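Each remark here refers to the structure printed beneath this line.
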Amino acid sequence: MRISMWACVAVWALACVTARAGDKDQMEADKKALAPVLQYVGGWRGAGLPKDGSKDGWSEDSEWQFDLKGGHAALVFSAEKGRFYKSGRIDPGDKAGEFKFTGMLPDGKKEEMVGTIIENKEERSKDLVFNNPAAGAGRPARVVFSVVAKGNRLLMDYQKKMSGDRYAPIAEVGYTRKGSNFGKSGDSHECIITGGAGKIAVSYKGQTYYVCCSGCKEAFDENPEKEIAAYHKRKEEEKAKDAK
């Protein structure tokens, strides 16, 4: 049986619509999975301190933002002067509550790790802990991300593997959020795309909204109606959940 050209076009169009719907669902699922690490987004000014007793400290700045391309959502950062990583990426993991970390080393090599959120009762924080069982000489076997000081401090703790289940610190980089004022609370806006802290104003049809990073701004500018609709749907779901 010969299939007409128009039938082929119809099948192709249906496949495109289905793919776009699938991408949208995956994007929303990724954003929800990344909610525990939304506070990483923004610009940070940091200082590194080795834990081997030496005084060979260093400074490094980093910039975190969302990557919302290819139907997926991820957090990415760049740190031009980073001693351990020049850039990195955090994706939702294969299992609920898991995260994937891909770090670019200064020499261009990559390291990949899988981690989870662990509650740190001593520091009253929830740490994102990545384990790197294949760590080479001088490389961290564990990397711990912590946000403290009401979201104004980001700590990256690099550790080496000891005997048993013990780890020892190699170095720590302490970042302070650029433009932050400790002890003061300024105007707070919600990112229309991720639900994080919105710092960048965007507008559509005379209405002002806020996004948290340049990645979200790019996504909003590309299709504002889609992002606004997704925002309203998310708020309706939150309202329904709270009403239960």
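If I ask for residues that are modelled with pLDDT of 95 or more and hydroxyl-bearing (Ser, Thr, Tyr), which ones from region 47-66 would you list?
The one that is modelled with pLDDT of 95 or more and hydroxyl-bearing (Ser, Thr, Tyr): Ser62.
Could you tell me which numbered condition Gly206 fails, if it satisfies all but one of (1) small (Gly, Ala, Ser); (2) on the phi > 0 side of the Ramachandran plot; (3) touching a residue at least 60 places away in the same chain (Cβ under 8 Å)?
(3)
So how many residues does region 59-72 have that are within 20 Å of Glu222 (Cα to Cα) and either without any contact (Cβ under 8 Å) to a residue 60 or more places away in the chain or not assigned by TED's automatic domain parsing to the domain that holds Trp44 (or both)?
Residues in region 59-72 being within 20 Å of Glu222 (Cα to Cα) and either without any contact (Cβ under 8 Å) to a residue 60 or more places away in the chain or not assigned by TED's automatic domain parsing to the domain that holds Trp44 (or both): 4 in total.
Among the residues of region 203-238, what is the count of those that are buried (at least 20 other Cβ atoms within 10 Å of the Cβ) and over 25 Å from Lys150 (Cβ atoms)?
3
Scan Asn120, Asn132 and give me the residue that is polar (S, T, N, Q), crowded, with 18+ Cβ neighbours inside 10 Å and within 21 Å of Leu34 (Cβ to Cβ).
Answer to the check: Asn132.
Given the structure, is Ile170 in contact (Cβ under 8 Å) with a residue 40 or more places away in the chain and over 21 Å from Lys100 (Cα atoms)?
Yes, satisfied.
I'd like to know if region 189-202 contains one or more residues that are at negative phi and exposed (fewer than 13 other Cβ atoms within 10 Å of the Cβ).
Checking region 189-202: at least one residue is at negative phi and exposed (fewer than 13 other Cβ atoms within 10 Å of the Cβ).
I need every pair where a residue in region 209-229 that is on the phi < 0 side of the Ramachandran plot and touching a residue at least 24 places away in the same chain (Cβ under 8 Å) has its Cβ under 9 Å from the Cβ of a residue that is assigned to a loop (DSSP other than H, G, I, E, B) and exposed (fewer than 14 other Cβ atoms within 10 Å of the Cβ), sequence separation at least 6 or different chains.
Listed by first residue and then by second, the contacts come to Gly215/Lys69; Glu218/Lys69; Ala219/Lys69.
Which members of region 9-46 meet the condition of being in a strand (DSSP E or B) and modelled with pLDDT under 90?
Of everything in region 9-46, nothing turns out to be in a strand (DSSP E or B) and modelled with pLDDT under 90.
The values are calculated or read from the model by the stated rules, or taken from the named source; none is laboratory data. Just so it is clear, the structure is predicted and the values come from calculations on it, not from any experiment. Cβ coordinates were reconstructed from backbone atoms using ideal geometry, including for glycine residues, and neighbour counts include every protein chain displayed.
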